[in-house]
Amino acid sequence: MERIIMHIDMNAFFASVEQQSNPALRGKPIAVTGSDSRTVILTASYEARAFGVKTGLTTWEARQKCPDLILVPTNNRLYTHVSSQIMKILHDYTPLVEVFSIDEAFMDITGSVSMFGSLERICYLIKSRISARFGITCSIGIAPNKLLAKLASEMKKPDGLTIIRNEDVSRTLEHMPIVELCGIGRKMAAKLALYSIRTCGELGRYPAERLKMRFGIVGEKLHQMGLGIDDSPVIPAEEAEEVKSVGHSMTLKRDIRERADILRYLLQLSEMVGRRARRYGVWGKTVHLTVRYADFTTFGKQGSQPHHINLSEEIYLAAVKILDSLELQHPVRLLGIRLTNLQHQTSQLPLFPEEQTRLKLTEAMDKVNNRHGDFTVMFASLLDQQEKGSHVISPAWRPEGIRNVAVA
Amino acid sequence: MEFRIDKEQFLKALQKIQGIVEKRTSMPILSNVLLEATETSLLVTATDLEVGMKSSYSAEVVATGKITVSAKKLYEIVKELPNQQIVFSTKDNDWVEIKCGKVQFNIVGLSPDEFPYFPDVKEESLFEIESSLLRGMIEKTSYAICTDETKYNLNGIFAKVEVKQDGINCLKMVSTDGHRLSIASGNLKGSVGPELLKGVILPKKGIYEMKKITDEEGGMLLFGFLDNSAVIKRGDSYMVMRLVDGEFPDYNRVIPTANNQVVTVNKENFSHSVRRMAILSSEKFKGIMLEISDNGIKISSSNPELGDAMEEIDVEYHGDPISVRFNARYLLDVLSVAETERVDMRFRDELSPSIIVPENSESFLAVIMPMRL
């Protein structure tokens, strides 16, 4: 049976949410930026986009294009809240909702159409409920599979509704540039351009064997993409793949080179990573440290631990050990710590009292911080730290997961 | 240097030191075996600077001298040689020639001058210890040695002699990995040096090598200390191991004294039950559950990816009902070294350390910390 897949994409999500929560911003060019002074544009409202302001510009560049631009620092908690409410609405139409990112979702509504009358009616209901409740518009794409549904939703923005029926597929794809397909990035497009493949039509006609020879398994996939074939199912959050890592990174307020300063940030990051790992009951055997210099050169190194860890101080000590094995050449702009090689464990209690104390202390800290907010109780060496807390959108819209959406 | 030696004898000598030579190649000389031909015998020495062994073998020495060669390669060569007399001789520039029947090997060695200093041991400073006693005590403790190398003070067995009221020297060996602890004790005849009265940490690798020596045959061994090393001597060979330089934690405070809920189980039956239940406890969902009540012990395990299992064992128990979760591996390790037919398990509550001891025996005590329920 032919599937009916819907892709829904909130238009200028962060900016729209801001405009709705603050009426003074409505109708004006605004841009949401990272929470400190050195980040880039995360989302621009459609008013700002008219001036050429787009995601990824520095605030300075954006102001050049649009002098009246209003910059709004990101409010992750608000977006997460709105997102989870919207995802709840979507669940009223099918249980098969795959949250693709904070402002995007796939839905398999094959079985729902007869319940609600028609495709168009489902789209109308979703759009009007989201608009009435949050004042946000969205673009919806409907097609026989996820690949085409996503493509369809991109075709009309804002507030679009595009349906690609089976009989339209080849006509739609014939002149569609391949970069429009989700999964083909600029690098892949450049490689394919060497074979004179620029449109989906060309990709679909290109002999599959030759693609396979050049790109391996990916070649087969590319061929299918060119033909608009995609069998991947819509996977609801509960069934989504297990998390592979827990990590945090932060762009620092200013570039630092002093070891003591770096250590303070590492401790802070370790606490953030440790707390999240503990919340999800995972232990990790490998610690990764990521360092970005002021010139954006980014590199990382990892260290394997003798056993699985998730206490903040253990993560910190592991990170410091990695740091000390590096020779930093330039001031540091960003630091990140990631815990991987994860394992769920029922926790084995330690035998010696001092270890037990350490565990109980951490548990007590977590309890207080869960109740009264992050860093309510913290390591004394972090007291002077200016910026605390997560620059990450907490995965509240997916309560069971540990997916990490780094912002800034 | 040139000596002639029987193949089997040489093979045995080389086999004995395979566990000692350094596997990593940070210092090539430590991967080599030192062969010294004296007027009367062949001395075979190996060390990784932590554990070393020197043995003497009878050989027909044609010319005295010494050389070092790769212990592993030499062993491989000798192992495959025909069963005849081997002629071993040195050439210029540390080359070695090995002849056996119609086989000839030329291999390159390293100068014996580079080989680290190896202490000579005087027998007077050693005391006698029963091989079988030592063997039993190592067996009962070595399983719990910590393998996390960052906790170096736990990477060995703590050995200490306590003088009992009746004047008898009681040797205690203790090991722990931070989750469990094992203590073996046994009475020594005769006197011991000050080192053991204070307590020493014997390194893990040395322990394993010492175990091999005790496995060979019964009788008496000589044991003692030299500088910062422990020495063990049997016949013509002796082993030295550098003591772990660290403080062993005060283990007495983690041995519970108020575990009044006691249940006695048949060791064999209980081991089988634990083993069965452990099949379903995966890496991810480790642990098996013991629910002890008047009706017996209910052992269970569950694994969300596979299913669950349950088994009941009849036991006499009159204490309060108690539920406790253990890493199955920890239980099995203890059960496999307990020597009696039945063992006592002593509990206080589900989050306190539990004790397992052989029934009516003072020679062994294991403490296991439970897992969270």
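The values are calculated or read from the model by the stated rules, or taken from the named source; none is laboratory data. Predicted, not measured: the structure shown is a model, and the values here were computed from it. Note that we place each Cβ from the backbone using ideal geometry, even for glycine, and neighbour counts take in every protein chain shown. What goes into the accessible areas is simple: the full protein's heavy atoms, side chains included, and nothing from ligands, DNA or RNA. Shrake-Rupley method; radii C 1.70, N 1.55, O 1.52, S 1.80 Å.
Relative to one another, the C-alpha centroids of the stretch A:94-142 and the stretch B:198-216 are positioned 70 Å apart.
Only protein heavy atoms count here; on that basis, with a 1.4 Å probe, A:Val40 has an accessible area of about 50 Å².
Express in % the proportion of alpha carbon pairs of the stretch B:255-368 at distances exceeding 22 Å. Tail of the P(r) past 22 Å holds 27 percent of the pairs. Here the spin labels are modelled as points 7 Å beyond Cα on the Cα-Cβ line, and at A:Ala132 and B:Asp92 they lie 10.3 nm apart.
For the stretch A:252-322, chymotrypsin sites (Phe, Trp or Tyr not before Pro) are listed when DSSP marks them as loop and at most 16 other Cβ atoms sit within 10 Å of their Cβ; the list is A:Tyr280, A:Phe296.
Shown here for the stretch B:191-300: GluC sites (Glu not before Pro) in loop regions (DSSP other than H, G, I, E, B) with at most 12 other Cβ atoms within 10 Å, namely B:Glu217, B:Glu247, B:Glu283.
Calculated [222 nm] ellipticity per residue, helices only, for the protein assembly as shown: -8500 deg cm²/dmol; basis is -39500 (n - 2.57) per DSSP H run with n ≥ 4, divided by all residues, nearest 500.
Which residues make up the longest stretch of chain A clear of GluC sites (Glu not before Pro) that lie in a DSSP loop with no more than 11 other Cβ atoms within 10 Å, not counting the sites? By the stated rule (loop sites, at most 11 other Cβ atoms within 10 Å), A:3-240. Between the alpha-carbon centers of the stretch A:258-311 and the stretch A:4-26, tell me the distance in whole angstrom. Cα centroid of the stretch A:258-311 versus Cα centroid of the stretch A:4-26: 34 Å apart. Of the whole protein surface, B:Leu365 contributes about 40 Å² of accessible area at a 1.4 Å probe radius. For B:Gly287, the amide hydrogen comes within under 5 Å of the amide hydrogens of B:Ala328, counting only partners 5 or more places away or on other chains and with H modelled in the peptide plane. Inter-chain Cβ neighbour count for B:286-293, averaged per residue, equals 1 (cutoff 10 Å, partner chain atoms only). Applying the criteria of a DSSP loop state and at most 16 other Cβ atoms within 10 Å to the trypsin sites (Lys or Arg not before Pro) of the stretch B:38-103 yields B:Lys91, B:Lys102. For the pair A and B, the buried accessible area comes to roughly 1900 Å² in total, with a 1.4 Å probe and the value rounded to the nearest 100.
Just to be sure I understand the curve: with the Debye formula and one point per C-alpha of chain B, what is log10 I(q)/I(0) at q = 0.08, 0.10, 0.12 Å⁻¹? Cα-only, vacuum Debye calculation for chain B: -0.53, -0.75, -0.94. Separation of the stretch B:1-53 from the stretch B:295-326 is 52 Å, based on Cα centroids. The angle separating the long axis of helix A:146-155 from the principal Cα axis of greatest extent in chain A is about 80 degrees. Quick check on my link table: of B:Lys160/B:Lys298; B:Lys73/B:Lys205; B:Lys189/B:Lys212; B:Lys79/B:Lys205; B:Lys16/B:Lys122; A:Lys244/B:Lys298, which ones sit more than 29 Å apart, alpha carbon to alpha carbon? The answer is B:Lys160/B:Lys298; A:Lys244/B:Lys298. Against the main long axis of the alpha-carbon atoms of chain A, helix A:76-90 sits at an angle near 40°.
With the convex hull drawn around the C-alpha atoms of chain A, the volume per residue stands at 184 Å³. Counting Cβ atoms of other protein chains within 10 Å of each residue's Cβ and taking the mean over peptide A:351-361 gives 3. For the stretch A:241-382, the C-alpha radius of gyration divided by 2.2 N^0.38 Å, with N the number of residues, is 1.05. Here the accessible area is traced with a 1.4 Å probe on the protein chains. For the stretch B:123-252, carbon and sulfur cover 47 percent of it. Applying the Kirkwood pairwise sum to the alpha-carbon positions of the stretch A:169-226 produces a hydrodynamic radius of 11.0 angstrom. Heavy atoms of the protein chains alone define the surface here; on that basis the stretch B:255-368 has 49 Å² accessible area per residue at 1.4 Å probe size. Solvent-accessible surface of the stretch A:241-382, averaged per residue with a 1.4 angstrom probe and all protein chains in place: 48 square angstrom.
Annotation: amide H-H contacts under 5 Å for B:Gln84 (H modelled 1.01 Å from N, sequence separation of 5 or more, or interchain): B:Lys7. Per-residue mean of other chain beta-carbon atoms within 10 angstrom of the beta-carbon, peptide B:360-372? Mean shielding count: 2. Rounded to the nearest 10 square angstrom, B:Ser132 shows an accessible area of 70 square angstrom against a 1.4 Å probe.
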